[in-house]
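Here's the structure, in structure tokens; my notes come after.
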Amino acid sequence: MTNHSPTPATETTPEMPSPWRCFGGGIVAGGMAIALYFLTSHIAQSFAAKPIHSSNFTVVNLTVAVRTLVVGVSTLGTGVFGIAAIGLIALGVQILIQNFKNPDSSSTK
């Protein structure tokens, strides 16, 4: 058995993202959030326009559960992409402010 001494890990400082990449990602995430919002709205209106035609209690409960899950998952996607867009744009603004305060440590390349 050979004993290999562990090599010391070189510590590198993580590179800050550029503000333009943050703004670009925020625009993409915001566009997806808007698209999912319209999709969610269309799904909910479609479900509201089509009533459940059954007298079976189990069928009605399952249908309501499935409709609720479909609208809920679509709403969750809308929220996640909306929050990601807000966070990315806020990060871009923060990086721009840091670059104006400390022009020597410019992180944009």
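Listed values, structure above:
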{"item": "Val93 assigned to a helix (DSSP H, G or I), open to solvent by less than 80 Å² (accessible area, probe 1.4 Å) and of a type in the set (A, V, I, L, M, F, W, C)", "result": "yes"}
{"item": "Answer from Ile52, Ile34 - the residue that is open to solvent by 80 Å² or more (accessible area, probe 1.4 Å), free of Cβ contacts under 8 Å to residues at least 60 places away in the same chain and of a type in the set (Val, Ile, Thr)", "result": "Ile34"}
{"item": "Cβ pairs under 8 Å, 6+ apart, first in the stretch 70-88 and without any contact (Cβ under 8 Å) to a residue 40 or more places away in the chain, second assigned to a helix (DSSP H, G or I) and among the hydroxyl-bearing types (Ser, Thr, Tyr)", "result": "Val71/Thr40; Ser74/Thr40; Thr75/Thr40"}
{"item": "Qualifying residue in the stretch 16-30 (condition: within 30 Å of Asn99 (Cβ to Cβ), out of contact with any Phe, Trp or Tyr (no Cβ under 8 Å at 6 or more places or on another chain), open to solvent by 80 Å² or more (accessible area, probe 1.4 Å) and not in a helix (DSSP H, G or I))", "result": "yes"}
{"item": "Counted residues, the stretch 1-56 - those being touching a helix residue (DSSP H, G or I) at 6+ places or on another chain (Cβ under 8 Å) and closer than 25 Å to Arg67 by Cα", "result": "11"}
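The values are calculated or read from the model by the stated rules, or taken from the named source; none is laboratory data. Quantities reported herein were computed from a predicted structural model and do not represent experimental measurements. We place every Cβ from the backbone using ideal geometry, glycine too, and count neighbours over all the protein chains shown. Surface accessibility is based on the protein's heavy atoms, side chains included, excluding ligands, DNA and RNA. Shrake-Rupley method; radii C 1.70, N 1.55, O 1.52, S 1.80 Å.
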